[in-house]
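Engineer: Quick one: the structure is below, questions incoming.
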Amino acid sequence: MTENKPENKPKRLFIKTYGCQMNVYDSDRMADAMAPHGYSAASGPEDADLILLNTCHIREKASEKVFSELGRLNEIRAERQARGEELLIGVTGCVAQAEGEEIVRRSPEVDLVVGPQAYHHLPELVAKARTRHHGLGAREAASAATRDGRVATDFPGIEKFDHLPLPRREATIARGLTAFLTVQEGCDKFCSFCVVPYTRGAEVSRPVTQIIREAEALVEAGVMEITLLGQNVNAYHGVDDRGRAVGLGDLLYRLADVDGLERLRYTTSHPRDMDDALIAAHRDLDKLMPYLHLPVQSGSDAILKAMNRRHTRADYLRLIERVKKARPDIAMSGDFIVGFPGETDADFEETLSIVREVGYASAFTFKYSSRPGTPGAGMTNQVPEPVKAERLDRLLALVTTQMRDFGKACVGRTLDVLLERKGRMPGQLGGRSPYLQAVHLEAPEHLIGTIQPVEIIAAGNNSIQGKIVTDKEPKSVSVHESIALLQP
Ligand code: SAM
Ligand code: SF4
């Protein structure tokens, strides 16, 4: 009979993800990397053997939130230890990168701290942590903190992608019809408010063949829509198998040739990296959705300069004109920061005016958050909190109206909707429009995994409603549906 040692038991992994889509992607890849080592998904922290906090450092209080979450998790661990059970706790992501050994110093019970470029070392770090647990008492383990290789925060280029496994088929099927695919990491722009160049490192791009292989694996598992990710995704500069330089525009043309891949998106872009090839891809590729997230941050040239954005308001507006010429139905999305040091009322009015001029289908608005180590943090002309809060409210009111107006303007139009899942109400399905809007409609379940022409009949605050246009052919059917049809 096999002895029921703890290491022989099936193990469960719970990842709590903070922040952006890149962290969502990273969490999935970490889960994929741990699967061959016996870790399947836990339903929550209480039934996990390994908990990872995949953290974000973009705005303040991120680190404090992590330390308070660690305190809570340590209580769960104490209960589990009292029952003789093992629970490992790790911190990954940008707080791990930024705080490194400080995390182990302040929270000695943490078993591993892994920066974003070192995820391929996760299985070996977990194995080491388990050995430590079995070999040492918790206190001894804690005091051995930084000597025992618990902290992995090196920046070894983009080597991790050579070692991380392709997304697992079963996990991809479970994750649904849309997927993220990181093509580029890091940033060399050094906007004066932003920590990304410090936490994610210099800009690096994955090779084309690796990206195509990953896209094909996703499609093979039923994915119909892929969003290419990068902190500065349109700075992508990979090489193909013949050693030729490939930009994001060219990469999109190549991905559009992947059979079964129906929709492509990419995020997040910098206005300076929107080149002709990328604009041409918007003109030529039906698969590239007519939606562009292009942050401007501020409408004031003085603030753009202080932010080190390296473009003006006029540059940004001219760029949108060029994109709209190539793809007239494109919907714009943006990021805005209010209260950057030195922002006057007049500067803020310029931000409101650029928002009115562009007309956004969606927008993300942020209060400036001083990040230690960035040039912005050292600026002496910080804007008082109440002023920032008041500006944020005004900007939010404006973009909310624009988003609602965009939804209303879709009423009466027929949009191709990717039907993704069952809706909340019986008989209802949920999907996505080309403009990334959530769409609800009444339709039979077997249509999940197809793209249907849908007439939009109403628009709410966060979603639109429609009905399938029955006299038009559906656009495509996913592998999921073919799998469903084959099942008895
Ligand atoms: N690369 C993109 C660009 O150049 O616009 C932005 C990526 S950044 C990870 C996402 C967004 O977070 C930014 O567009 C910005 O609006 C916001 N952000 C970054 N640092 C911030 C800070 N210190 N305070 C407030 N918002 C910030
Ligand atoms: Fe941060 Fe984007 Fe600026 Fe890079 S380009 S420093 S990611 S805001």
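The values are calculated or read from the model by the stated rules, or taken from the named source; none is laboratory data. As the structure is a prediction and not an experimental result, all values here were calculated from the model. Note that each Cβ is placed from the backbone with ideal geometry, even for glycine, and that neighbours are counted across all protein chains shown.
Engineer: Given the criterion buried (at least 21 other Cβ atoms within 10 Å of the Cβ) and within 16 Å of ligand 1 (Cβ to nearest atom), identify the matching residue among 26, 49.
Structural biologist: Criteria check complete, one pass: 26.
Engineer: Of the residues 313, 327, 391, which single one is more than 16 Å from ligand 1 (Cβ to nearest atom) and in contact with a helix residue (DSSP H, G or I) (Cβ under 6 Å, 6 or more places away or on another chain)?
Structural biologist: 327
Engineer: Related question: What number goes with the only condition from (1) in contact with a strand residue (DSSP E or B) (Cβ under 6 Å, 6 or more places away or on another chain); (2) modelled with pLDDT under 95; (3) surrounded by fewer than 14 Cβ atoms within 10 Å (Cβ to Cβ) that residue 413 does not pass?
Structural biologist: Every condition holds for residue 413 apart from (2).
Engineer: For segment 352-380, which residues satisfy the criterion of being away from ligand 2 (no atom under 16 Å from the Cβ), surrounded by 16 or more Cβ atoms within 10 Å (Cβ to Cβ) and in a helix (DSSP H, G or I)?
Structural biologist: Those that are away from ligand 2 (no atom under 16 Å from the Cβ), surrounded by 16 or more Cβ atoms within 10 Å (Cβ to Cβ) and in a helix (DSSP H, G or I): 352, 354, 355, 358.
Engineer: Turning to a different aspect of this structure: From 243, 299, which residue is more than 23 Å from the chain's Cα centre (by Cα) and within 15 Å of ligand 1 (Cβ to nearest atom)?
Structural biologist: 299
Engineer: Moving on. Could you tell me which residue of segment 176-216 is nearest to residue 95 (Cα to Cα), considering only residues that are away from ligand 1 (no atom under 13 Å from the Cβ) and in a loop (DSSP other than H, G, I, E, B)?
Structural biologist: 201
Engineer: Would you pick out the residues in segment 27-78 that are over 23 Å from residue 123 (Cα atoms), part of a helix (DSSP H, G or I) and in contact with a helix residue (DSSP H, G or I) (Cβ under 9 Å, 6 or more places away or on another chain)?
Structural biologist: Of everything in segment 27-78, those that are over 23 Å from residue 123 (Cα atoms), part of a helix (DSSP H, G or I) and in contact with a helix residue (DSSP H, G or I) (Cβ under 9 Å, 6 or more places away or on another chain) turn out to be 62, 63, 65, 67, 72.
Engineer: List the residue pairs whose Cβ atoms are under 8 Å apart, where the first residue sits in segment 76-105 and is under 15 Å from residue 65 (Cα atoms) and touching a residue at least 60 places away in the same chain (Cβ under 8 Å), the second is among the charged types (D, E, K, R) and outside any strand (DSSP E or B), and the two are 6 or more positions apart or on different chains.
Structural biologist: From residues that are under 15 Å from residue 65 (Cα atoms) and touching a residue at least 60 places away in the same chain (Cβ under 8 Å), the pairs are 92/26; 93/26; 94/200.
Engineer: Follow-up. Here are 248, 252: which of them is within 15 Å of ligand 2 (Cβ to nearest atom) and more than 30 Å from residue 340 (Cα to Cα)?
Structural biologist: After applying the criteria, what remains is 248.
Engineer: Mind listing whichever residues of segment 283-300 are within 16 Å of ligand 2 (Cβ to nearest atom), over 19 Å from residue 367 (Cβ atoms) and of a type in the set (A, V, I, L, M)?
Structural biologist: Listed by number, the residues that qualify are 292, 294.
Engineer: Continuing with the same structure: Going by what's in this entry, would residue 69 be described as within 27 Å of residue 366 (Cα to Cα), modelled with pLDDT of 85 or more and within 23 Å of the chain's Cα centre (by Cα)?
Structural biologist: On the way: within 27 Å of residue 366 (Cα to Cα): yes; modelled with pLDDT of 85 or more: yes; within 23 Å of the chain's Cα centre (by Cα): yes.
So residue 69 passes the test.
Engineer: Could you please give the count of residues in segment 197-224 that are farther than 23 Å from residue 298 by Cα, within 18 Å of the chain's Cα centre (by Cα) and free of Cβ contacts under 8 Å to residues at least 40 places away in the same chain?
Structural biologist: 1
Engineer: Moving to a separate point now. Return only the number of the condition from (1) within 28 Å of residue 280 (Cβ to Cβ); (2) more than 27 Å from the chain's Cα centre (by Cα); (3) of a type in the set (D, E, K, R) that residue 327 does not satisfy.
Structural biologist: (2)
Engineer: With out of contact with any helix residue (DSSP H, G or I) (no Cβ under 9 Å at 6 or more places or on another chain) and either of a type outside the set (Lys, Arg) or closer than 29 Å to residue 437 by Cβ (or both) as the only criterion, which of 227, 178, 182 stands out? Talk me through it step by step, then tell me what you get.
Structural biologist: Working: 227 fails: out of contact with any helix residue (DSSP H, G or I) (no Cβ under 9 Å at 6 or more places or on another chain); 182 fails: out of contact with any helix residue (DSSP H, G or I) (no Cβ under 9 Å at 6 or more places or on another chain).
178 is the lone residue from the list that is out of contact with any helix residue (DSSP H, G or I) (no Cβ under 9 Å at 6 or more places or on another chain) and either of a type outside the set (Lys, Arg) or closer than 29 Å to residue 437 by Cβ (or both).
Residues checked against (1) within 16 Å of ligand 2 (Cβ to nearest atom); (2) not in a loop (DSSP other than H, G, I, E, B):
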| residue | (1), (2) |
| --- | --- |
| 302 | no, yes |
| 305 | yes, yes |
| 308 | yes, no |
| 319 | yes, yes |
| 324 | no, yes |
| 329 | no, no |
| 332 | no, yes |
| 343 | no, no |
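Engineer: Does residue 240 fit the bill of being within 12 Å of ligand 2 (Cβ to nearest atom), of a type in the set (Asp, Glu) and surrounded by fewer than 21 Cβ atoms within 10 Å (Cβ to Cβ)?
Structural biologist: Values: within 12 Å of ligand 2 (Cβ to nearest atom): no; of a type in the set (Asp, Glu): yes; surrounded by fewer than 21 Cβ atoms within 10 Å (Cβ to Cβ): yes.
No: the conditions fail for residue 240.
Engineer: Looking at segment 386-404 only, could you name the residues that are within 26 Å of the chain's Cα centre (by Cα) and acidic (Asp, Glu)?
Structural biologist: 393 - this is the single residue of segment 386-404 that is within 26 Å of the chain's Cα centre (by Cα) and acidic (Asp, Glu).
Engineer: Do you know which residues across segment 265-282 are in a helix (DSSP H, G or I), away from ligand 2 (no atom under 12 Å from the Cβ) and within 25 Å of residue 307 (Cβ to Cβ)? Step through it out loud before you land on a result.
Structural biologist: Initial filter on segment 265-282 (in a helix (DSSP H, G or I)): 271-273, 276-282.
Right, trim to away from ligand 2 (no atom under 12 Å from the Cβ) and you get 276-282.
Within segment 265-282, 278, 279 qualify.
Engineer: Just one of the numbered conditions (1) touching a residue at least 24 places away in the same chain (Cβ under 8 Å); (2) away from ligand 2 (no atom under 16 Å from the Cβ); (3) not polar (S, T, N, Q) is not true of residue 194; which one?
Structural biologist: (2)
Engineer: Quick check on residue 86: is it surrounded by fewer than 19 Cβ atoms within 10 Å (Cβ to Cβ) and under 17 Å from residue 129 (Cβ atoms)?
Structural biologist: Against the criterion (surrounded by fewer than 19 Cβ atoms within 10 Å (Cβ to Cβ) and under 17 Å from residue 129 (Cβ atoms)), residue 86 qualifies.
Engineer: For residues that are outside any strand (DSSP E or B) and among the β-branched types (Val, Ile, Thr), tally how many sit in segment 394-422.
Structural biologist: 4
Engineer: Pairs needed: first member in segment 375-396, free of Cβ contacts under 8 Å to residues at least 40 places away in the same chain; second member anywhere, within 16 Å of ligand 2 (Cβ to nearest atom); C-beta distance under 7 Å; at least 6 residues apart or different chains.
Structural biologist: 377/370; 377/371; 389/367; 396/365
Engineer: Would you mind telling me which numbered condition in (1) without any contact (Cβ under 8 Å) to a residue 60 or more places away in the chain; (2) part of a loop (DSSP other than H, G, I, E, B) residue 347 fails?
Structural biologist: Residue 347 satisfies all of (1) without any contact (Cβ under 8 Å) to a residue 60 or more places away in the chain; (2) part of a loop (DSSP other than H, G, I, E, B) except (2).
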